[in-house]
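One structure follows; several queries about it will come next.
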Amino acid sequence: MRLPAVLENIEYRLISGDLDKEVASVEFDSRKVCSGSLFVCVKGFTVDGHTFAVKAAEQGASVLVVDSSREDFPDEDLTAISRKYGLSVVEINDTHKLLADLCANFYGHPENKTAVYGITGTKGKTTTAFMLRAIFEQGGRKTGLIGTVCNIINGEKTHAAHTTPESRELYEMMDKLVKGNSGSLVMEVSSQALKLDRVRGIRYRTAAFTNLYEDHIAPNEHPDMEDYISCKLKIFDSCDTGILNLDCAVADRVIDYCKNKVELITYSIGGEADFSAKNLRAERRGHVTGTVFELNSKYYNGDIFVALPGKFNVYNALCAICSAYKEGIDIEDVKKALATISVPGRMQPVENDFGVNILVDYAHNAAALESVLDTLKEYTEGRIITVFGCGGNRSRTRRFEMGEVSGRLSDYTVITSDNPRNEDPDAIIQDIVTGISKTSGKYEIEADRSKAIRLSVNMAKDGDTVLIAGKGHEDYQIFADKTIHFDDLEQARNAVIEREGNR
């Protein structure tokens, strides 16, 4: 693409060179620059992209785009780089914000050719996104997914570095979807993505708000809860229809924000809403532990089975159902998709033939672990055996709290290692022991996570539940001197095969 087309509808100042340049790619990471790239110098929290301008030039960039608010790199220095390397230098206001505009232009505005469904909230984004994608796919719609666990574009799964990627990756993925004839995209939209304009230019067919809890309050995230919710609310500035959990603590705030601006579809458990669930009951179908609830709505009135346990997963299902209704998906497709849904690392079942409910879950703090264990008590006839550890270079308080929760709510705990990072794994385990010792809960220590998982699977009896918590979808384990491949689901499946083979 020619440079003027990449700069279309963007105010700019040409500092040096000319506009007669061919642009092969748009990059903000100098390591990805190749011959003909347009390199955008983005000012981040800790790194200023302008310091990589020369490196980008050396690697063949044809254009440098700089920020008008840069503190260093005066015009004369940039002109010198331009002359030395034969490239052009363009200045725009706010490179971080307008990176999305540059990418939208470069990729031919794929956001206008894709039906995008956004989901924001502190909890539930991942599961709801997988549910909605499964519903659309069941209904015959080829659908992509962007989120915390992975990205799925035209059926291909790739690693997700962020819940919502930077705009450059986001627009590239949408372009691939369009070229692959995928007409729909379900995406998790983080508060950081909304705050930092990663999703700038995207309009959502439906934008869902699941809930809000205190989280992500940090110097490089949100200074306080007001900033957190204000960023979340931005999703409703560019959507056709809003979807709201009427039971969330800030529902009134959302309703007030959307008034006279966005049509809202609401959902609730037991309350007065457009979509309401009641008469929740635990149910096990084969190897699947799930929940049946009665849905009341103008879309459908009757029972729905969700192949995931817990009240919170009924909330997630309701949220997905609201989008499906708005898009005219047949209710039978909705029911089929929810009855077979599986989300990597979120209450993910491990099949076995010895009657044990084995689940892999991402719960990695006390609140999440307590929520999961409370839910599992409703579904467990025997004991709850919990396997977990805590990450190094993270809050020590989390270790005491998780130990106390597991000791109080589990019948037996196997304390193990998580991602110790640069800390001593045994010291982390002893912190967990300090917490669990405040309870009467029974426990043992097995620092080797693989052995801990095998131990828990082998001790479980018919009717027991084994919860392998903390890492969920992660497929690695981080130590001080190395990172290894480690997948809780793989380990649990291997333990099951080993036990079944030894009978």
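Each reported figure results from applying straightforward, stated rules to the coordinates on display, with no laboratory input. The structure displayed is predicted, hence computed values, not measured ones. Note: ideal-geometry Cβ built from the backbone for every residue, glycine included; neighbour counts use all protein chains shown.
Below 14 Å, Cα to Cα, which aspartates and glutamates can LYS377 reach? Residues fewer than 8 away in the same chain don't count.
Once the sequence-local aspartates and glutamates are set aside, what remains near LYS377 is GLU283, ASP411, ASP464.
A follow-up question, please. Could you work out [θ]222 nm for the chain from helices alone, using -39500 (n - 2.57) per DSSP H run of at least four and dividing by all its residues? Round to the nearest 500 deg cm²/dmol. Before the final figure, lay out each step's value.
Working: 16 runs with 170 residues, N = 503.
For the chain, the value works out to -10000 deg cm²/dmol.
Another question, if that's okay. Rounded to whole Å and ordered largest first, report the semi-axes of the equivalent ellipsoid of the chain derived from its Cα gyration tensor (root of 5λ). If you can, show how the numbers build up before the last one.
Details: eigenvalues 374, 166, 82 Å².
After scaling each eigenvalue by five and taking roots: 43, 29, 20 Å.
State which entries of LYS43/LYS97; LYS97/LYS195; LYS157/LYS234 exceed 19 angstrom in Cα-Cα distance in the structure shown. List each step's numbers first, then the result.
On the way: LYS43/LYS97 10 Å; LYS97/LYS195 10 Å; LYS157/LYS234 28 Å.
From the list (LYS43/LYS97; LYS97/LYS195; LYS157/LYS234), the Cα-Cα distance tops 19 Å for LYS157/LYS234.
Just grab the label-to-label distance for GLU283 and THR434, each label 7 Å out from Cα along the Cβ direction, in nm (one decimal).
The two pseudo-label positions are separated by 4.7 nm.
Name the GluC sites (Glu not before Pro) in segment 296-370 that are in a loop by DSSP and that have at most 15 other C-beta atoms within 10 Å, would you?
Values: sites: GLU327, GLU332, GLU351, GLU370; in loops: GLU327, GLU351.
Here the GluC sites (Glu not before Pro) that fit, given the DSSP loop and packing criteria, are GLU351.
Tell me, in nm to one decimal, what length is gained between HIS159 and VAL292 on full extension, where the rule is 0.36 nm per residue of separation less the Cα-Cα distance? Display every interim value, and only then the final one.
Numbers: separation 133, 0.36 × 133 = 47.88 nm, distance 3.26 nm.
Roughly 44.6 nm would be gained on extension.
Mind checking which lysines have their C-alpha under 16 Å from LYS326, skipping anything on the same chain fewer than 8 residues away?
The reachable lysines, counting only those whose Cα sits under 16 Å from LYS326, are LYS298, LYS335.
If you stretched the chain out fully between GLU58 and LYS113, how much longer would it get, using 0.36 nm times the residue separation minus the C-alpha to C-alpha distance? Walk me through the numbers before you get to the answer.
Working: separation 55, 0.36 × 55 = 19.80 nm, distance 3.59 nm.
Stretched fully, the GLU58-LYS113 segment lengthens by 16.2 nm.
So if I place +1 on the C-beta of Lys and Arg and -1 on the C-beta of Asp and Glu, and nothing else carries charge, what would the dipole magnitude of segment 320-429 be about its Cα centre? I want it in debye, nearest 20. Write out the running numbers ahead of the final one.
Working: 12 positive and 18 negative charges, 68 e Å.
Using only the charged Cβ atoms, the result is roughly 320 debye.
Then there's this: Between LYS461 and SER395, what length in nm is gained on full extension when 0.36 nm per residue of separation is reduced by their alpha carbon distance?
Gain on stretching LYS461 to SER395: 20.3 nm.
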